[in-house]
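Contents: one structure, followed by commentary.
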Amino acid sequence: MNGKITAILVGVFITVISLSSISEAKNINDRGLNARQQGIVTIAAFTAKGDLERLKTALNDGLEVGLTVNEIKEVLVQMYAYCGFPRSLNGLSTFMNVVEERKSKGIQDEIGKEATPLPTNKNRIELGTENLTKLIGGVPVRGSVNTFGFAPIIDEFLKGHLFGDIFGRDNLDFQSREIATISALASMTGVDSQLQGHFRMGFNTGLTEAPDEKSDIRS
C-alpha cells in the first residue's frame, strides 16, 4: 500500500509484525492509536492468526488498559465473520479462562454495557444497508455486481447479518469495529481488496492518515 500510512495501519503493522502484546507497544511513540484501540488491534490480530498464547497476553493487557469484558467479547464474536467460527470460538474460550484466572486473583474487571435490542421498525437487511451506507460515506451501496449476481444470497447475508445483526449491536462503536476488522484482515493473506475497502470505511469512522510518513509495508 503506497502513500501515507494510516494511523490504524501503523498500529496493525507494529503489533502484528514486531510485538506480542500491548505492554510491549507502550514504548513506541506516534502510532496514532490510544491504549484501548491498541488493545483491539492485538486481540483481533492474534485471534485471526490463531495465536492463542499471545492472545492470552493481549486479552489481559486489553482489560488492564480499560476495555470492558463485553467490549472484548464483542470483538471476539465479530471475528467469526472474518476468520471463521473456529478461531472466534477459540478466542472466546481463551478469554473465558483469562477472566476466571483474574477473578481467582481478586481482580474485578468492568463488565460493560450489553447491546440493546435491534430496532423493530426495520428488518435486518434495511438496518444493514443503512449501516453499510454510513460506513462507505453515505453513497448508495454498490457491491460486486458479478459476485452478487452469481450468488445473490451473499448480498443478503452481508447486509442482513454482518452489517445488520453484528454491526447493529451498539456496545461497540463503528470505529472500534473497523479497527478490529482491519487488524484481522491485515493478519491474513489473500484479502487485499477487502482490506482496502475497510480502510476506506475506517476513514469514514474518523480514523485519519498519519502525517509526514510514507511507506509500503505490505509485501
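Laboratory data are not the source of any read-out in this text; all were calculated from the coordinates shown. As the structure is a prediction and not an experimental result, all values here were calculated from the model. We place every Cβ from the backbone using ideal geometry, glycine too, and count neighbours over all the protein chains shown.
Over the range 67-148, what relative contact order in percent results from Cα pairs under 8 Å that are six or more residues apart?
Result for the range 67-148 is 26 percent.
How would you rank 173-181, 130-138, highest first, on the average number of other Cβ atoms within 10 Å across their residues?
The peptides rank, most packed first, as 173-181, 130-138.
Based on the mean of other beta carbon atoms within 10 Å per residue, what is the order of 58-64, 86-92, most packed first?
So the peptides 58-64, 86-92, ranked by packing, come out 58-64, 86-92.
Summing +1 for each Lys or Arg and -1 for each Asp or Glu, what net charge is found among the other residues whose Cβ lies under 12 Å from the Cβ of Lys113?
Value of the local net charge: -4.
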